[in-house]
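Structure, as structure tokens:
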Amino acid sequence: MSENQKVIEIEVLRYHPEKDNEPYQQVFEVPFTDDMSVLQGVQYIKDYLDGSLSFRWSCRMAICGSCGMMINGIPSLSCQTFLRDYYPARVRVEALAHFPIERDLVIGLEGFIEKLESIQPYIIPKEARTLAQGEYLQTPEQLGAYEQFSSCINCLLCYAACPQFGLNPSFIGPAATALLHRYNVDSRDGGKAERMELINSEQGVFNCTAVGYCSEVCPKGVDPANAVNQNKTNSAADYFLRFLAPKGGAK
Amino acid sequence: MKPGLKRSNAPIFWALFGAGGMLSALLGPMLVFITGLAIPLGILLPADTMSYPKMLAFAQNFIGKSFILAIIALFLWHAAHRIFHSLHDIGIHAGTGAKLLCYGLAMLGTVLAAYALLVIGF
């Protein structure tokens with residue numbers, strides 16, 4: 001470590017459920033260089049200061065969606081957030097808001113995984129196809145209808161940003177709704193009626209109060225708020241018109 | 001698909017909220033200007049624009065009635081929905097009670113307005 005090495009304070013939310021009654025803050029002094037991300041900062045802590053610190057990470061380049069954390073209270077991917085932007089002030093790192101903490105910065109994902117399964121995030125073909133029929137063809141316009149919603153990496157920043165998910169964890173939430181929408185508007189898919197049951201339900205889109213913060217924090221340029229609000233219109237149309245033109249999704 | 005999904009009845013309230021929001025955004029400022037500024041201060045509009053005979057005639061006309069009912073009822077439903085959700089946002093989860101109070105007042109206002117518009121005659 002050279003004489004003029006810069007040192008930043010990183011305040012980390014700690015919680016080991018087997019010994020801590022409640023989460024607490026711990027401050028570490030971390031030497032850093034201008035090219036270091038917050039993720040590299042917490043990796044430094046684990047490697048040199050406290051090996052018991054737990055957090056998820058993998059790709060280091062905003063593709064895997066593992067390293068989401070609250071950084072100074074804002075849901076962020078720690079791999080693309082840089083320590084230099086906070087220095088000389090202290091940077092505060094906490095587990096993603098609105099989720100149960102498993103250990104330190106690691107959150108429990110069960111609730112979200114259940115939601116992800118429930119939206120059937122795969123193409124449900126309209127009719128069975130044989131290999132001999134060849135591949136599906138799509139126009140650029142048909143691709144454009146769903147493309148942006150397919151960029152989701154399940155990092156859950158949008159859930160940490162959503163005050164309504166915070167108030168009611170049974171709300172299907174931004175990412176799952178965006179992905180649901182991605183399949184519903186895909187020209188190859190025939191599963192819309194089944195998925196609309198979820199959209200129309202009490203866990204569905206009407207929990208949203210159009211805050212829009214989900215789309216703001218998304219690191220992949222997805223606009224989940226748009227998917228949610230398009231489906232409010234779809235759901236309301238289905239609610240009032242289902243007796244005139246029943247096409248599934250109604251109970 | 002998860003069993004036991006219950007269809008939400010939110011579209012009814014959301015539609016009334018949306019209609020009221022649209023109407024209040026388009027007409028609200030103009031109505032505030034006419035009834036709150038232009039008429040009392042006597043600017044831009046003829047002095048007797050909102051005189052009793054004119055307003056009575058307006059309220060007795062079918063189109064006038066519809067306009068008054070839409071303004072009062074939809075503004076109320078919009079406000080009720082907004083207040084109900086704001087209560088939830090600030091941590092008051094009063095549930096059915098708050099729902100009944102908010103939407104009940106909007107319903108009461110709607111019924112009273114409709115009743116008044118009917119008894120005022122055609």
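Values in this text are rule-based calculations from the coordinates and carry no lab data. Values in this document were obtained by computation on a predicted structure and should not be read as measured data. Cβ placement follows ideal geometry from the backbone for every residue including glycine, while neighbour counts extend to all protein chains displayed.
List of remarks:
- Column: log10 I(q)/I(0), Debye, Cα scatterers of chain A, q = 0.08, 0.09, 0.12 Å⁻¹: -0.39, -0.48, -0.76
- Magnitude of the charge dipole, the protein assembly as shown, Cβ model with Lys/Arg +1 and Asp/Glu -1, debye to 20: 1460 debye
- Kyte-Doolittle at least -1.0, axis length at least 18 Å by Cα - qualifying DSSP helices, chain B: B:10-32, B:62-89, B:96-119
- Equivalent ellipsoid semi-axes - Cα gyration tensor, the stretch A:6-107, angstrom: 20, 16, 12
- On Cα atoms only, tilt of A:174-184 relative to the major axis of chain A in degrees: 30 degrees
- Shielding score for A:161-167, defined as the mean number of other chain Cβ atoms within 10 Å: 1
- Annotation for A:S187 and A:Y122: the two label points, set 7 Å from Cα along the Cα-Cβ direction, are 2.4 nm apart.
- Chain A: relative contact order as a whole-number percent, Cα under 8 Å and 6+ apart: 17 percent
- In terms of its Cα atoms, the stretch A:75-179 spans 62, 32, 22 Å along the principal axes, sorted from long to short.
- Anisotropy class of the stretch B:52-122 from Cα gyration tensor, a/c 1.5 cut: prolate
- Charging the Cβ of each Asp and Glu at -1 and of each Lys and Arg at +1, and nothing else, the dipole of the stretch A:6-55 about its Cα centre rounds to 80 debye.
- A helix-only calculation puts the protein assembly as shown at -13500 deg cm²/dmol for mean residue ellipticity at 222 nm, using -39500 (n - 2.57) for each DSSP H run of at least four residues, averaged over all residues.
- Pairs from B:K65/B:K99; A:K115/A:K220; A:K19/A:K46; A:K192/A:K232 whose Cα-Cα separation, in the structure shown, is over 25 Å: B:K65/B:K99
- Note that chain B shows a convex hull volume over its alpha carbon atoms of 153 Å³ per residue.
- Per-residue average of Cβ from other chains inside 10 Å of A:200-209: 5
- Where only C-alpha atoms are counted, convex hull volume of the stretch A:152-251 per residue in Å³: 92 Å³
- Put a plus charge on the Cβ of each Lys and Arg, a minus charge on the Cβ of each Asp and Glu, and nothing anywhere else: the dipole of chain B about its Cα centre is then about 480 debye.
- Unit charges at the beta carbon, dipole of the protein assembly as shown: most positive-side option, A:A160, A:N4, A:V91: A:A160
- Pairwise FRET efficiency - A:E18 versus B:L112, Cβ, R0 = 51 Å, nearest 0.05: 0.25
- By the Cβ rule of 4.7 Å, the protein assembly as shown holds the following cysteines without a possible disulfide partner: A:C67, A:C79, A:C152, A:C155, A:C162, A:C208, A:C218, B:C102.
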